[in-house]
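Engineer: Shown below is the structure under consideration.
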């Protein structure tokens, strides 16, 4: 019997020795390695292509065709994207849509289009220059009332956007 007790004691000692210390356990070792689930976008972005930019163009609003918008975008240089060119999107196009019937991707009245990147950069620069000219016109109109005895301050045109973080 004495030997049986010694065996039991030796087994307990062995158990204690093989167990890791409580401090060695951490949540990071047992945490899942997968990312959290997020809902998919209603309008997925296609895989980037060198020299092209993508955009969803409105073909209808509240079920009514918006041909003026589509024509205007086509004249700007946008062209419809074929569904076969982007199978990774896994989209089911609008049923009965004239664009989907032609093999294009249309979802919820929005047609996926692409345009040459260089052309769209020129377009952006054009509109940026128009906005700059308008702001200069507003400033000139405001500052023409300037009097040296009581000068008006030149408006500051800097904007800042912050997201969260609170005060530090």
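Bear in mind these aren't lab numbers, they're just calculated from the coordinates by the rules spelled out. Bear in mind the structure is a predicted one, so any value in this text is a computation, not a measurement. We place every Cβ from the backbone using ideal geometry, glycine too, and count neighbours over all the protein chains shown.
Engineer: At R0 = 22 Å, how high is the FRET efficiency between residue 134 and residue 69 if r is their beta carbon distance? Nearest 0.05 is fine.
Structural biologist: The value I calculate is 0.40.
Engineer: Modelling each spin label as a point 7 Å along the Cα-to-Cβ direction, I'd like the residue 119/residue 145 distance in nm, to one decimal.
Structural biologist: 4.5 nm
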